[in-house]
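J.: Okay, handing you the structure first.
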Amino acid sequence: MTTASAARRAPAPALPPLRARFVFATLLALFALLAARSLYLQRIDNGFLQEQGSSRYSRNVEVPAHRGRILDRLGTPLAISTPVKAIWAWPEKVDATPAQLRQLGNAIDLSPQALAARLHASGDFVYLKKGVPPEIAARVAALGIPGVHDDDEYRRYYPGGEVMSQVVGFTGDGDVGQEGIELAQQVWLGGRPGSRRVIINRRGEAVEDVESIRAPQEGRDLVLALDSRLQYLAFRELKSAIETNKAKAGGVVILDVRTGEILALANWPSYNSNNPSNRNRGARDRMRNRALTDTFEPGSTLKPFTIAAALEAGKVRPGTVVDTAPGTLTIGGATIHDAHREGVLTVEQVVQKSSNVGAAKIALSLPPEAMWTMFAGAGFGAPPRTGFPGEVSGRLRPAKSWRPIEQATMAYGHGISVNLVQLARAYTLFATDGELKPVTLFKEAGPVAGRPVLKPETARAIRHMLEMVVLPGGTAPKAQIPGYRVAGKTGTAHKLEGGVYANKYVSSFVGFAPASNPRLIVAVMIDEPSAGQYYGGSVAAPVFSSVMGAALRLLGVPPDAPVNNVVLPVEGSEVREET
Amino acid sequence: MVRLNLALLALVVICAVSLVTSRHQARKLFVELEREQNLARGYDVEYGQLQLEQSTWGTPARVERIAREQLRMQIPPASRVQIVDGAPR
């Protein structure tokens, strides 16, 4: 625009040059400001707007991952997580009519007073109810009360209940293992939820994956060695034996001889892991897996190991004669008694009739180291390594510290402590040809090799002696099973209370069957039977017989004896034993 | 020259439109995939619940009780059992 053309159209008042330049500069400066601002927003401080923008089209989505299941060896679930809702409120934001509150209380099974108390709590978060089934949570959501919300969570169910609870354990808040296998295998079982970023459309549906922020990690399933049918059987028989004998506690372990798998591990007292009120501190005593976490003095069930040590050392042969008369033996001021007075016995009969004096005499012919090596070789004094938390190793003192009386009492299982799983495992020595099998709570693919401890001939000789125990003339005719040959040993141990042996007993029986080709080992322990009977042969052996008989039948193990093989002695002529 | 340009323009337009449609298709398929995956997850949950239910109904304790009380079944005494040697030879 030149002055000439402007002048041609209309005479315009001339603009003072200074003013024109001022306007031009101002406009330029404003444009520069805009450019700078846009540069600032686009390049320098772009986070806020980017976030605002992306929040309108994308979203972070949680990818759920659940905890793995625990299964038994047949695939029966022992623990499953299933999604539930946790209902919570922000008390000051809750605005509901009394009718709505009543409906809410009904839906989540909370009395009006309890509900009111929670809604008057301070803070901005209070759980109204956890572990609510999704259908009920939907009913609560339908009430549409402001300030009441729900969250997804998982709840774990244990179909096995009290039969399985001590082995499986349970999970606490956030589905994290707290007891038992749930605790020990937390890393394997636990799932980790992932998160990813997606683009959403106006209906809120994800239309495109942008990126995976964190890949979810699903919990893995865990297969235990337990057989739920055998577990139930063991639990049922144990419970009824404890009731009949008015005992304090007890345990039953079933081992597979070929693999060392624990097929059943039952304890009493027990608890139901589905019931939260069973999980508090007061119930700790019932939660303990006694067969692994508690030790006891095994008593006579240890005699076969003493005899095995003597056989291995070549000190005696099964037919060697030992004089146990007059049924007592005094060593350094202490006297050992036999419950049943016998005269001259063979080594085989010492086991069959469970003579303490005989076992002590045989033990004293051995150097302490030989006995110690035998006991340690059988796995005593070392944890059984089943993979269970809190298992104990029991007590086996070094051979150097043994005095002769201690060596003599150890020969029949006093002055040494074991847990029930260790005891069952030690009998793999006799059930196989002298191998100690590793024990496990987890399923194995096939037979597992053990560590050779005994010469095969020794193992066979002891197996024969253990078979004599259940025949008339032995301590446990009640352990016999129709159709199967059985081998085993009783134990009746005085309990040690405050350093002295009290008139309380631990009755036990450990045995295996079929004796011609052993498949299962069953160990039974009954703590403080107080209904009159306390001998291992009359308290624990019947439990062994019913558990083993039913287990062999369930597993389809062919019988190795005619069905009329059970020979019971004449009433009153049973051989008794103490320790 | 003009003809070539027009042809190229048409090509560009076709490309652009097909990009838009394929993108749209992809999103629709993704929505569908997402829905199916949610469904699968739902079925998974249901499967777990059914397993739970099955094992609750099938606990050995319950089976035994029904067998004994309702069906009046019992374990035959050993004297009434005949073992058939079915071992493969």
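J.: Is it the case that A:Leu454 is assigned to a loop (DSSP other than H, G, I, E, B), buried (at least 19 other Cβ atoms within 10 Å of the Cβ) and either within 27 Å of the chain's Cα centre (by Cα) or touching a residue at least 24 places away in the same chain (Cβ under 8 Å) (or both)?
T.: yes
J.: Counting just the residues of the range A:47-102 that are over 30 Å from B:Glu46 (Cβ atoms) and polar (S, T, N, Q), which one comes out nearest to the other protein chains (Cβ to nearest Cβ)?
T.: Applying the filter and picking the extreme gives A:Ser58.
J.: Taking the range A:103-118 only, how many residues are surrounded by 11 or more Cβ atoms within 10 Å (Cβ to Cβ) and within 18 Å of A:Ala137 (Cβ to Cβ)?
T.: Going through the range A:103-118 one residue at a time, the tally reaches 9.
J.: Can you name the residue in the range B:70-89 that is within 9 Å of chain A (Cβ to nearest Cβ) and surrounded by 10 or more Cβ atoms within 10 Å (Cβ to Cβ) and, of all such residues, is modelled with the lowest pLDDT?
T.: B:Ala78
J.: Limited to the range A:122-173, what total is found for residues that are within 14 Å of chain B (Cβ to nearest Cβ) and aromatic (Phe, Trp, Tyr)?
T.: Number satisfying all stated conditions: 3.
J.: For the subset of the range A:272-292 comprising residues that are assigned to a loop (DSSP other than H, G, I, E, B) and more than 16 Å from the chain's Cα centre (by Cα), which member is nearest to A:Asn419 (Cα to Cα)?
T.: In this case the residue turns out to be A:Asn280.
J.: Could you list, in sequence order, all residues of the range B:51-60 that are more than 16 Å from A:Arg155 (Cβ to Cβ) and more than 7 Å from chain A (Cβ to nearest Cβ)?
T.: Scanning the range B:51-60 gives B:Gln54, B:Trp57, B:Gly58.
J.: Scanning the range A:214-248 for residues that are of a type in the set (D, E, K, R) and outside any helix (DSSP H, G or I), which turns out farthest from A:Tyr535 (Cα to Cα)?
T.: A:Arg214
Rundown of residues vs (1) under 23 Å from A:Asp527 (Cβ atoms); (2) crowded, with 21+ Cβ neighbours inside 10 Å, yes/no style:
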{"position": "A:Thr346", "(1), (2)": "no, no"}
{"position": "A:Gln349", "(1), (2)": "no, yes"}
{"position": "A:Pro368", "(1), (2)": "no, no"}
{"position": "A:Pro383", "(1), (2)": "yes, no"}
{"position": "A:Thr386", "(1), (2)": "yes, yes"}
{"position": "A:Thr428", "(1), (2)": "no, yes"}
{"position": "A:Phe442", "(1), (2)": "no, no"}
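J.: Of all strands (runs of 3 or more DSSP E) completely enclosed by the range A:463-541, which ones contain at least 1 residues that are acidic (Asp, Glu) and more than 14 Å from chain B (Cβ to nearest Cβ)?
T.: A:487-497, A:520-527
J.: Provide a single number: the residues in the range A:9-25 that are part of a helix (DSSP H, G or I) and either under 60 Å from the mean Cα position of the chain (by Cα) or loosely packed, with under 10 Cβ neighbours inside 10 Å (or both).
T.: Result for the range A:9-25: 4.
J.: Is it the case that some residue within the range A:190-199 is more than 14 Å from chain B (Cβ to nearest Cβ) and part of a loop (DSSP other than H, G, I, E, B)?
T.: yes
J.: Considering only the range B:55-67, I want to know if a residue exists there that is under 24 Å from the mean Cα position of the chain (by Cα) and exposed (fewer than 12 other Cβ atoms within 10 Å of the Cβ).
T.: Yes: the range B:55-67 contains one or more residues that are under 24 Å from the mean Cα position of the chain (by Cα) and exposed (fewer than 12 other Cβ atoms within 10 Å of the Cβ).
J.: Residue under question is A:Ser365, and the condition is that it be of a type in the set (S, T, N, Q), in contact with a Ser or Thr (Cβ under 6 Å, 6 or more places away or on another chain), in contact (Cβ under 8 Å) with a residue 12 or more places away in the chain and under 26 Å from A:Arg317 (Cα atoms); does it hold?
T.: No: the conditions fail for A:Ser365.
J.: For A:Leu30, which of the numbered conditions (1) surrounded by 11 or more Cβ atoms within 10 Å (Cβ to Cβ); (2) more than 14 Å from chain B (Cβ to nearest Cβ); (3) not polar (S, T, N, Q) fails to hold?
T.: The number of the failed condition is (1).
J.: Taking into account only those residues within the range A:26-75 that are of a type in the set (Val, Ile, Thr) and under 31 Å from the mean Cα position of the chain (by Cα), which is modelled with the lowest pLDDT?
T.: A:Val63
J.: Could you say whether any residue in the range A:295-302 is touching a residue at least 12 places away in the same chain (Cβ under 8 Å), at positive phi and in a helix (DSSP H, G or I)?
T.: yes
The values are calculated or read from the model by the stated rules, or taken from the named source; none is laboratory data. Just so you know, these numbers come straight off a predicted model, no measurement behind them. Note: ideal-geometry Cβ built from the backbone for every residue, glycine included; neighbour counts use all protein chains shown.
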